[in-house]
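The values are calculated or read from the model by the stated rules, or taken from the named source; none is laboratory data. Please read all numbers here as calculations on a predicted model, not as lab measurements. We place every Cβ from the backbone using ideal geometry, glycine too, and count neighbours over all the protein chains shown. Accessible surface is based on the protein model in full, side chains and every heavy atom, while ligands, DNA and RNA are left aside. Shrake-Rupley method; radii C 1.70, N 1.55, O 1.52, S 1.80 Å.
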Amino acid sequence: MLFTEMGLSEDILMGIRELGFETPTPIQEKVIPILIENRRDIVGLAQTGTGKTAAFGLPLLQNISLRDNYPQMLVLSPTRELCLQITRDLENFSKFKNGIKIVAVYGGASMDKQISALKQGVHIIVATPGRINDLLRRKKADLSRINSLVLDEADEMLKMGFREEVDAILASTPNEKNTLLFSATMSADIANIAKSYMNDPVEVSIGTKNAGADNVSHIYHMVHAKDRYAALKRVADYNPDVYGIVFCRTRQETKEVAASLMKDGYNAEALHGDLTQAQRDYVMQKFRDRNLSLLVATDVAARGLDVNDLTHVINYNLPDDSENYTHRSGRTGRAGKEGTSVSIIHTKEMGKVREIERAIKKKFLPMPVPGGKEICERQLFSLINRMTCAEVNHEQIDPYMGSVYEMLNDLSKEELVKRFVSLEFNRFLNYYKNAVDLTVEARSSKSSNFERFENDGSRNDGSRSRSPRNGSPRNEGDDSSSRRRRNSNVPMTRIIFNVGKGKEISKKDIIELLTSSAGRRDLDIGQIEIFKRASSVEIDRKLAPKIISEMNRRFYKGIKIDAEENLEFKGNDFRDRDKGPRGKRREGGKKRYEDAY
Ligand code: AMP
């Protein structure tokens, strides 16, 4: 379905065209026709990021009569940030509905200005419950003629203790109106509000009730409590383009984690309730503008932060209740993008993980904490990517190039590349040279898949190690992989790749490469054969495509890995073959690995 087929007016269509919206999101497909055709009350169960603001905004904006200079629509939102975001969105949608007046009223800002805006006459009020209630008591706002009311993030409003205000506000509105309620989760309290204030509402739900967003993967790293911070840094280092929120449980923890990250050279800041509103605004703007890669925040402080495109949500500590987890993880994987919610947990927290799994109806994937080698590979890959994508301003740089070439004259191309790469990369190599495996096994054999493996690395002393980002490397011990077992019922396939004895790869290295590429330690691995210039290994057939594609993005000791599935492969395929270019296909489609180096 297209927006143009939904009965929206031309001025609204022009607004969304300018925003680049082409097709409606699922919630828009469901809600817009209901509001345009028969104006029923709606209970919408949808996460933020699903496009719900446009779902209610577009059809309701179209009902606003510009001739009537009084409030016709009220949107209630739990936080100032969400309130401002909704106002901005509605203004954008109605950019071509000339003369429409929308005002945001929220706490923490001058009431006089808001009163004067209201006095001049507005069509739409977007408000936080506390402030609008205040204005109602002072008789500065008139809700007696509104014909639509939206309660956005109603579950958050109730959790923040706004029930009384909501009751008072609703009492100031006419009985005859179109009421919409949006919530990420359905609780008894929400059902109760729907029952008290809504007229035979249609329930519209996107995804399963109380479920996490579909395109979010939920993973956990199990570590000793004292290694939590070291694990956090590894997660950040393993994801060079990370743009995410690190959730902590208390203000104190938020301050400590942010301070340590900043000291260790990460681009991070804290967001918590002890900051003034101006400081909060500053940090949030910096994060929105992507001038920060990690925002360390408490649940309350991060509420209503309207940031899309987060790559990660990192739970430095799991929240006390699973609803908060749903809110946290719903901040990534928005607008159809993939996202990851990473939880750093210790051995006694498996119960909590299971509880959240039941609530979100999704399984967490146990993942080893990224090891030193994998981090270095990812960093190197990212560095090379950045280098190849770097913009070159020929005009400005050309005048210097003569002297630069002269200075570098004695270095071969290979040597030059190595030095450039090392300049940036040595910190990571040194820091992670002897990194220990931070992953620990679950206490109960039933509660984790890690029992198939045993760590054999020496542990570090748990003291805080400094980041590779600002130098001062500190050895963490030996990264290790471990013994493996195989479940004989799993259908297997064979993959081959272009690294062998020549690069001193061991079976242990191969297992580590496979498990990290698969993102799981419970991988079924069969026979491993290592030849001079290649290796072959049997793995779980179902997981082979994912593993091959991940392996092919990696390097091993300077070599870009080239892996493929090949059931017919025999070790003899390598031997006594003529030399030829790397990766060239033989007849029959098999690759030649003889000349991988
Ligand atoms: P919301 O859930 O309302 O906060 O929307 C999440 C994000 O998706 C916002 O940045 C919207 O601008 C964007 N968005 C909403 N609807 C669409 C659409 N149909 N096509 C593209 N982007 C959209």
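Details
- Surface calculation, 1.4 Å probe, protein heavy atoms: residue 546 sits at approximately 110 Å² accessible.
- The magnitude of the dipole of region 1-134, with charges of +1 and -1 set on the Cβ of Lys/Arg and Asp/Glu and taken from the Cα centre, is near 340 debye.
- For residue 101, the aspartates and glutamates whose Cα falls under 14 Å of its own Cα, not counting residues fewer than eight places away in the same chain, are 68, 89, 91.
- Accessible surface of residue 536, taken over heavy atoms with a 1.4 Å probe and every protein chain present, rounds to 0 Å².
- Accessible heavy-atom area order of 387, 14, 1, highest first, probe of 1.4 Å: 1, 387, 14
- Residue-level accessible surface for residue 511, protein heavy atoms, 1.4 Å, Å²: 10 Å²
- Equivalent ellipsoid semi-axes - Cα gyration tensor, region 23-166, angstrom: 23, 19, 13
- Stretching the chain fully between residue 195 and residue 259 yields a gain of 18.4 nm (0.36 nm per residue, less the alpha carbon separation).
- The candidates 205, 183, 144, arranged from most to least accessible area with a 1.4 Å probe in the full protein assembly, appear as 144, 205, 183.
- Under 5 Å from the amide H of residue 223 lie the amide H atoms of 345, 346, 347, 440, each residue being 5 or more positions distant or on a separate chain, with H modelled from the backbone and absent for Pro and chain starts.
- For region 299-442, the alpha carbon positions stretch 65, 37, 24 Å along the principal axes, listed from largest to smallest.
- Estimated dipole of region 216-371 in Debye, rounded to 20 [Cβ of Lys and Arg +1, of Asp and Glu -1, Cα centre]: 280 debye
- Solvent-accessible surface ranking, highest first, for 564, 415, 256 at 1.4 angstrom: 256, 415, 564
- Cα-derived Rg over Rh, computed across region 167-324 with Rh taken as Kirkwood radius: 1.05
- Computed from backbone phi with θ = phi - 60° and the Karplus coefficients 6.51, -1.76 and 1.60, the 3J(HN,Hα) list for region 12-23 is 5, 4, 5, x, 6, 4, 5, 7, x, 6, 9, 10 Hz; x is used for glycine and proline.
- The calculated FRET efficiency for residue 1 paired with residue 40, based on their beta-carbon distance and R0 = 25 Å, is about 0.85.
- Within straight-line reach of residue 286, meaning a Cα separation under 27 Å, sit the following lysines at least 8 residues removed in sequence or on another chain: 52, 95, 113, 233, 255, 263, 337.
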